[in-house]
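> For reference, the structure I am asking about is given below.
Every number here is computed from the coordinates shown, using simple stated rules; none is lab data. The structure displayed is predicted, hence computed values, not measured ones. Quick reminder, even Gly has a Cβ in these numbers, built from the backbone with ideal geometry, and neighbours come from all protein chains shown.
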């Protein structure tokens, strides 16, 4: 019985010392969005499962909504358990290998009806930075250059 107890204790120690939580990183989306002639009320940004290519398509559940304040948005998300990324070059090249462009959804009000519109952003229009904030996991900031949304073709 002591051997079994020692075995479970050893498994417990190994589990906590080598768990997958060390692979968590954080992504902070920051940007501004303007519309020429539509009222934009929010933006939905992809979760890390989508960015890693585990979720394909453009289903709305793969995106996290944030509201706009004076045309600006900011959202910080935590990754799912994965291989750790500490250098921005590795993360950028990984994301680019999964998709040519970054998809996001904007919520537009048109005649009191809210419509979600998918738009694609070129990776070259996004600035990647690593932010040292002393919290657990590397924080990658994805800062969008000004996004200008034109009229929806009707």
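> If a/c stays under 1.5 just call it rounded; otherwise compare a/b with b/c (prolate if a/b is bigger, oblate if not). Do that for segment 67-130, with a ≥ b ≥ c from the square roots of the Cα gyration tensor eigenvalues.
Here segment 67-130 falls in the prolate category.
> Where in segment 41-76 is the amide nitrogen less than 13 Å from a point lying 7 Å along the Cα-to-Cβ axis of residue 135?
75-76
> Same structure again: Relative contact order, percent, of segment 23-149 when contacts are C-alpha pairs under 8 Å separated by at least 6 residues?
Across segment 23-149, relative contact order equals 38 percent.
> What distance in nm lies between label points placed 7 Å from Cα along the C-beta direction at residue 36 and residue 96?
Going by the 7 Å Cα→Cβ label model, 2.9 nm.
> What ratio of Cα Rg to 2.2 N^0.38 Å holds for segment 23-149?
My calculation over the Cα atoms of segment 23-149 gives 1.05.
> Would you please put 140-150, 124-134 in order of how densely packed they are, using the mean number of other Cβ atoms within 10 angstrom per residue and starting with the highest? Kindly include the intermediate steps, with their values, before the conclusion.
Numbers: 140-150: 15.9, 124-134: 11.9.
Top of the packing list down: 140-150, 124-134.
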